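Since the structure comes first, as C-alpha cells, the remarks are kept for the end.
The values are calculated or read from the model by the stated rules, or taken from the named source; none is laboratory data. The structure displayed is predicted, hence computed values, not measured ones. Because the Cβ atoms are built from the backbone with ideal geometry, glycine has one as well, and the counts that use them run over all protein chains shown.
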Amino acid sequence: MVVVARYSYPLEAQIAKSNLEAAGISAHIADVHTINTNWLYSDALGGVRLMVDSDNVQEAEEILRQDFSQSVMEEAGEDEEETSQWRCSHCGSSNVIPFTKGKRPAFVVFILLGFPLFKYQHGIKCNDCGEFTQK
C-alpha cells in the first residue's frame, strides 16, 4: 500500500476514498480512528492517510486531481448563478461570500474546555461593508 494523499479531516479522506472506489480502485484509510478521537493529533500524525495498491498509484492520483465541486453544487441545487444573486442587506453590494459566524470563538473555547459553547450561524458576509446576514 502506498500513500496517495493526506487529509486533515477524516471526512475529506472518506470522500476521496469514495471517488476512488467509484472508479474501481480499492483504497484504505489509515489513522482515521486516532484523529476522530482527538482531531488535534491530525497535524502531528501527518493527517489521515489515503492508501492504494502500488499498481494503482498513478490512476488514483489522476482521479484525486479532478475537481468535482461544480457537480456537487449542481446536485445540491446551488449553482454559480444563484450565489451571484446574493446581495448585502445593509449596502446592497453583490460582493458577498458565504460565511460562518462564530467559528473562531467556538474553536478557542474548544481548545480550552474540550467542547464548543457557541452556535454557528451560516450566512453571507459583505466584502465591502463587512456586514453579516444570516441565511
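Within the range 118-135, the set of residues being surrounded by fewer than 10 Cβ atoms within 10 Å (Cβ to Cβ) and closer than 28 Å to LEU40 by Cα comprises LYS119 only.
Can you tell me which condition SER54 does not meet? The list is (1) touching a residue at least 24 places away in the same chain (Cβ under 8 Å); (2) within 30 Å of PHE107 (Cβ to Cβ); (3) not aliphatic (A, V, I, L, M), and all the others hold. Only one criterion in (1) touching a residue at least 24 places away in the same chain (Cβ under 8 Å); (2) within 30 Å of PHE107 (Cβ to Cβ); (3) not aliphatic (A, V, I, L, M) is unmet by SER54, namely (2). Just a yes or no: is a residue in the range 122-132 assigned to a loop (DSSP other than H, G, I, E, B), among the polar types (S, T, N, Q) and at pLDDT 75 or above? Yes: one or more hits.
The conditions of being modelled with pLDDT of 85 or more, exposed (fewer than 13 other Cβ atoms within 10 Å of the Cβ) and closer than 25 Å to ASP31 by Cβ are met by ARG65. When the test is whether a residue is modelled with pLDDT of 90 or more, touching a Ser or Thr at 6+ places or on another chain (Cβ under 9 Å) and hydrophobic (A, V, I, L, M, F, W, C), LEU50 does not pass it.
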